[in-house]
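Notes for the one structure printed next.
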Amino acid sequence: MKRTLVIIAATLLTGSMAFAQPAKRRATTAGGTTAATTTAATRQNSDRASLQFPSSAAMPEDVVWKRDIYRQLDLMKDKNAPLYYPVEPIGKQVNLFTYLFRLIQTGRVTAYTYKLDGNESFEEKDKLAVKDMLERYGIYYEENDGKIVVADADVPSAEATRYYIKESVYLDQRTGTFSTKVTALCPVLMRGADEFSTDATPYPLFWLKYDDVAPWLAKLPMMGSNLNNVSNMTAADYFTLNRYEGKIYKTNNLQGKLLANYCQTDSALKKEQQRIEKQIADFEEGVWGHDIIDSTKLDSIALAEATTTTAKKAGSVWGRRTKTPTGNTAPKSTAPAPKAKSTATSSAPRVSARRQRR
């Protein structure tokens, strides 16, 4: 009897504890999956990717000099072609847009809204929902059991022929290195070109934080040359080595202006782009010095100067020449004077010049 009462009490207690939970939590517990669990699993996968494929070193926040530049990459050029081909997946080979699209679709990478001013923002309020992005740009999808499914044929990778990237050129005073690091990516769809109009309209999709996608880019092999068809590099290598080619369309400035805002003609725009490129190159040359002299030449100059100085001091005392007294002129000796030993090796310092590369 007592045992039966204990079992009944335990059953009632368990039921009261279950119904004491909020309705949302009870429903989630019944389903066996929670949003927190999904988020934790996604974060765990991302962290695991970061450990297995570490990206390049992060840029310090207290660098002494930095220049932020926005470039436009045309994937129809040879240097940028590895990001575009193959247009449609061939086996395990996919292009960059399809790869990024799948990462965003599955929740492994977070996309952020592309604003009208073109500036990137990686705050919580600017996160872009996958469904909103698909509906905004007319990408066909289906929902199966709450999951968004997009077929390979419906991924608009053929239209993603342009990218916007943000790169930071900076001088790290700790390591004495001058580096260029990509910090953000934005794929752009080019639509509207037909047989009557060859001008396509750009549709920037979203911003991606490069540090978020770098571990995944290290898993994407790509072919980097027309002469060598081996996939001997990854997308992370491609961006880390700055293998891309792109024109500058914006820089961070006090007025927040695009180059097109104050360059009215194509020639003026081209001159401004060249001027900015030259400013960066001149700054790097100014840090390490314009004139680079071979160290062997400096060594030979130092050796010649030391030999001349030793020869001058051979017949002098304390730096002054001695005079022979009048009337006691000694006959000149016809024997050759002993050669002065060169002390260049011990007294002359070794001079060398060294320039730090990128």
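Does residue 294 fit the bill of being at pLDDT below 95, closer than 30 Å to residue 216 by Cβ and acidic (Asp, Glu)?
no
Filter region 106-148 for residues that are among the polar types (S, T, N, Q) and assigned to a loop (DSSP other than H, G, I, E, B); which is farthest from residue 166 (Cα to Cα)?
106
I'm checking my understanding of the structure. Among residues of region 144-180 that are surrounded by fewer than 20 Cβ atoms within 10 Å (Cβ to Cβ) and of a type in the set (D, E, K, R), which one is nearest to residue 246 (Cα to Cα)?
Going through the qualifying residues, I end up with 159.
With respect to residue 111, is the statement that it is surrounded by 19 or more Cβ atoms within 10 Å (Cβ to Cβ) and under 23 Å from the mean Cα position of the chain (by Cα) true?
Criteria met by residue 111.
Just give me the residues in region 65-105 being over 22 Å from residue 141 (Cα atoms) and assigned to a strand (DSSP E or B), in sequence order.
Once the filter is applied, which keeps residues that are over 22 Å from residue 141 (Cα atoms) and assigned to a strand (DSSP E or B), region 65-105 yields 65, 66, 67, 68, 69, 70, 71, 72, 73, 74, 93.
In this structure, is residue 116 touching a strand residue (DSSP E or B) at 6+ places or on another chain (Cβ under 9 Å) and either under 23 Å from residue 235 (Cα atoms) or without any contact (Cβ under 8 Å) to a residue 40 or more places away in the chain (or both)?
no
Residues checked against (1) surrounded by 15 or more Cβ atoms within 10 Å (Cβ to Cβ); (2) in a helix (DSSP H, G or I); (3) in contact (Cβ under 8 Å) with a residue 24 or more places away in the chain:
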residue: 226; (1), (2), (3): no, no, yes
residue: 230; (1), (2), (3): no, no, no
residue: 238; (1), (2), (3): yes, yes, yes
residue: 244; (1), (2), (3): yes, no, yes
residue: 254; (1), (2), (3): no, no, no
residue: 275; (1), (2), (3): no, yes, no
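What residue, among those in region 192-219 that are in contact with a strand residue (DSSP E or B) (Cβ under 6 Å, 6 or more places away or on another chain) and in a loop (DSSP other than H, G, I, E, B), is modelled with the lowest pLDDT?
Only one residue tops the list, namely 192.
Would you say residue 129 is under 25 Å from residue 250 (Cβ atoms) and small (Gly, Ala, Ser)?
no
Among the polar types (S, T, N, Q), under 14 Å from the mean Cα position of the chain (by Cα), surrounded by 13 or more Cβ atoms within 10 Å (Cβ to Cβ) and closer than 17 Å to residue 92 by Cα: does that describe residue 234?
Judged against the criteria, residue 234 is a match.
The values are calculated or read from the model by the stated rules, or taken from the named source; none is laboratory data. This one's a predicted model, so the numbers in the text were calculated from it and none came from an experiment. As a convention, Cβ positions derive from the backbone with ideal geometry for all residues, glycine included, and neighbour counts pool all protein chains shown.
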